[in-house]
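Data first, discussion second: the structure below is written as structure tokens.
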Amino acid sequence: MVWICSPHNPTGSITPPHVLEGFIARCREAGALLCADECYVDLYDGDPPASVLQLAGDAAEGVLSFLSLSKRSGMTGYRAGAVVGDPDAIAALAMLRTATGTAAPEFTQAASIAAWSDDRHASDRRDVFNAKRRVLRDRFEAAGLEVVGSQAGLYVWLRVPDDLAAAEALLGAGIVVAPGRAFGPGGEGYLRLALVPTLEECERAAAAVVAVLRS
Ligand SMILES: Cc1ncc(COP(=O)(O)O)c(C=O)c1O
């Protein structure tokens, strides 16, 4: 079994279609099941990210996409999502689910059907996150700071000389960010900022971040 994640949490990077095709081909050659966590697939800026389901053919042989209403619809507490793809793998999952899963309450099922049936609210939600992302990106780039990844998802990443020192300095200014190293050694030298506050708060925070990091 091979797990991939695109759009990726936490970096917000999007895996290009030819790379996804490479994963599908190599997993098929190796007889491995390709499990793609695509729970951020609705939260992108610009062109929609490719899903493995678009590239795996009608039978989606050896490929599963994992989707969630937590990000698309902000329904985190509902614990609702979907697994879509290879019919044999879905049948095996359905059998496992009977033995080990729990049934979603009826109101959750009704809300999930409503959420999956409506793309408008997902598009509105995407617009809100993109507006915040652009505020941060524009402010940071205008100040000569380097934004990396961050094409999708809920975060913006900034390159800094020392992520721990920068996170502590920002904390002193009332702004909580995650030092990249908290996510592993590859995150050293980067800050992760969450697009969680309101647009107005993001605007104020962007100005404060620039003031701190440029001081
Ligand atoms: C990449 C990724 N996959 C899965 C999840 C979990 O989704 P859910 O809320 O549906 O359990 C998250 C939530 O943060 C996530 O970032």
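No lab work stands behind these numbers, since they all come straight from the coordinates. Bear in mind that the values here come from a model prediction, so they are computed numbers and not experimental data. A quick note on method: Cβ atoms are made from the backbone with ideal geometry, for glycine too, and the neighbour counts reach across all protein chains shown.
Quick check on the chain: of the DSSP beta bridges with both residues there, what percent are antiparallel, nearest 5%?
65
Show me, for segment 7-21, the HN-Hα J-couplings you get by feeding each phi into the Karplus relation (A = 6.51, B = -1.76, C = 1.60, θ = phi - 60°), rounded to Hz, glycine and proline as x.
Each residue's phi maps through the Karplus curve to give x, 8, 9, x, 7, x, 7, 10, 7, x, x, 5, 6, 4, 4 Hz.
Hey, with R₀ at 30 Å, roughly what FRET efficiency would T76 and E29 work out to, going by the Cβ-Cβ distance, to 0.05?
After rounding, the FRET efficiency stands at 0.20.
Can you give me the long-range amide H partners of D37? Hydrogens built in the peptide plane at 1.01 Å from N, cutoff under 5 Å, separation of 5 or more residues or another chain.
Excluding prolines and chain starts, which carry no amide H, the hits are I4, C5, S6, F66.
What trypsin sites (Lys or Arg not before Pro) in segment 156-215 are in a loop by DSSP, with at most 14 other Cβ atoms within 10 Å of the Cβ?
Here the sparse-neighbourhood loop sites are R214.
Charges on Cβ only, +1 for Lys and Arg, -1 for Asp and Glu, centred on the Cα centroid of the chain; of A194, G74, Q151, which one is farthest towards the dipole's positive end?
The residue sitting farthest along the positive end of the dipole is A194.
Using label points projected 7 Å from each Cα along Cα→Cβ, tell me how many nm separate E21 and I4, to one decimal.
1.2
In debye to the nearest 20, how big a dipole does segment 1-123 give about its Cα centre with +1 on each Lys and Arg Cβ and -1 on each Asp and Glu Cβ?
So the magnitude is around 360 debye.
Please list, ordered by chain and number, the residues whose modelled amide H lies under 5 Å from the amide H of L43; skip anything fewer than 5 residues away on the same chain.
Amide H neighbours of L43, under 5 Å, 5+ apart: G153.
Using all C-alpha to C-alpha distances in segment 1-160, build P(r) with 10 Å bins and read off the rounded percent in each one.
In order of increasing distance, the bins hold 10, 33, 33, 18, 5, 0 percent.
Taking θ = phi - 60°, what integer Hz values does the Karplus form 6.51 cos²θ - 1.76 cosθ + 1.60 yield along segment 88-95, in sequence order, with x for Gly and Pro?
5, 5, 5, 4, 5, 5, 5, 5
Would you pull out the residues with amide H under 5 Å of S150's amide H, same chain only if 5 or more places away, H placed 1.01 Å from N?
G12, S13, W157
Residue-wise, which Karplus ³J(HN,Hα) couplings in Hz belong to segment 67-82, taking 6.51 cos²θ - 1.76 cosθ + 1.60, θ = phi - 60°, and x for glycine or proline?
10, 9, 8, 4, 9, 4, 10, x, 9, 3, x, 6, 6, 10, x, 8
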